[in-house]
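The values are calculated or read from the model by the stated rules, or taken from the named source; none is laboratory data. Keep in mind that what you see is a predicted model, and the values were worked out from it rather than measured. Here the Cβ positions follow ideal geometry from the backbone for every residue, glycine too, while neighbour counts run over all protein chains shown.
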Amino acid sequence: MGSAGVLYDSEGTIYGAIETIRDITDRKMAEEDLKSARDRAESATKAKSKFLANMSHEIRTPMNAVIGMSDLLLQMDLKLEQRDYLETIRNSGNALLAIINDILDYSKIDGDKLELEILPFDLAGCIEVSMDLVAAKAAEKGLELTYFQDDAMPTILVGDEIRLRQILINLLGNAVKFTEKGEVVLFVGCSPVEGDKVKLHFAVKDTGIGISQENLGKLFQCFTQVDSSTTRYYGGTGLGLAISRKLVEMMGGEISVESTPGKGSTFYFTIMCDVSQQKRAATPDEHVLAGKSMLIVEGSESVQKMLSQAAMSWKMNVTKSAGGRRRQRFWRKRHMIL
Ligand code: ADP
């Protein structure tokens, strides 16, 4: 590459020319090198994602057999010691499976292979299953686990129930994991968008260890854990929030967090959903409960409020009393009917 110029005298006659030539072979070669390095890096990343996806799948299959067989064995007549060993195998299997699932999801996200299902689902059912899965751990730690929802919530929505559950379980699981005393509360609200579309708002609030301001910004990146000593103590892969963020974004929403160290954290997220015109089938319990009376004897105001909200949604007549002795409980509605 170069440039050329013609030289004129004062009468406009050409008396010479200047030509400059610059050798850009090195620059061109550097550009080529850069491009081929980028191509190699891209194909290595794709190969890595594919490898991870294959490996996760290969590991998951025998893990399911280990967990399934442990479950079957646990139904048999076993000595106390045998049961204890077997429960350890099953619990470790479940923990390992959760990690493998995270890696599988991460590799799908990394390779842009994650797809959402769009099917009708029962929102209350989805929330209840998520709460159920963390209830045992919360009860073990003596934490209150409660759930509130707006009065006018749609019942059947159209979207990916399993992925919504995955986000909820991750946030609720973290809240329980990082809270030693106090409570974990889930709030669910809804605002209309247009036509049959609604925006669902979720907030998972805990009274746990909290997160410092400097760490808040990096929370939703892959493999980010606040510090290595917490990781050693609490375990985890650091993938959960990155996966949740991706899922929330795929569902047209946003995720954010507010936290005060030593006081607790609140994770907020929204998703967009279509409301289905389908009506939710009433469960047999609901028919039996309508019109019956329920006395709620509960010291905790938030639990009292949650229970009466649930009972009223079943059309029951509720009387509340704060005179109860505090005891450990599961959040589940059915467990608490008096
Ligand atoms: P994991 O929990 O598997 O380590 P996550 O991506 O779900 O991975 O969380 C990343 C990190 O964010 C956690 O290791 C923890 O340091 C911090 N964190 C997440 N949720 C909470 C919470 N509710 N309270 C305090 N710290 C939290």
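Go through the residues of the stretch 6-26 one by one and say whether even a single one is of a type in the set (Val, Ile, Thr), under 38 Å from the mean Cα position of the chain (by Cα) and in a helix (DSSP H, G or I). No: the stretch 6-26 contains no residue that is of a type in the set (Val, Ile, Thr), under 38 Å from the mean Cα position of the chain (by Cα) and in a helix (DSSP H, G or I). In the set (1) surrounded by fewer than 10 Cβ atoms within 10 Å (Cβ to Cβ); (2) outside any helix (DSSP H, G or I); (3) not hydroxyl-bearing (Ser, Thr, Tyr), Leu72 fails one condition alone, (2). Note on the stretch 107-185: enclosed strands (runs of 3 or more DSSP E) holding 1 or more residues that are within 15 Å of the ligand (Cβ to nearest atom) are 144-149. The residue pairs whose first member lies in the stretch 255-270 and is at pLDDT 95 or above, whose second member is more than 9 Å from the ligand (Cβ to nearest atom) and β-branched (Val, Ile, Thr), and whose beta carbons are closer than 6 Å, counting only pairs six or more residues apart or on different chains, are Ile255/Val248; Gly264/Thr207; Phe269/Val248; Phe269/Ile255. Cβ-Cβ distances below 6 Å connect the following pairs, each with a first residue in the stretch 198-221 that is over 19 Å from Leu172 (Cα atoms), a second residue that is near the ligand (Cβ under 7 Å from one of its atoms) and modelled with pLDDT under 90, and a separation of six or more residues or different chains: Asn215/Val226; Lys218/Thr224.
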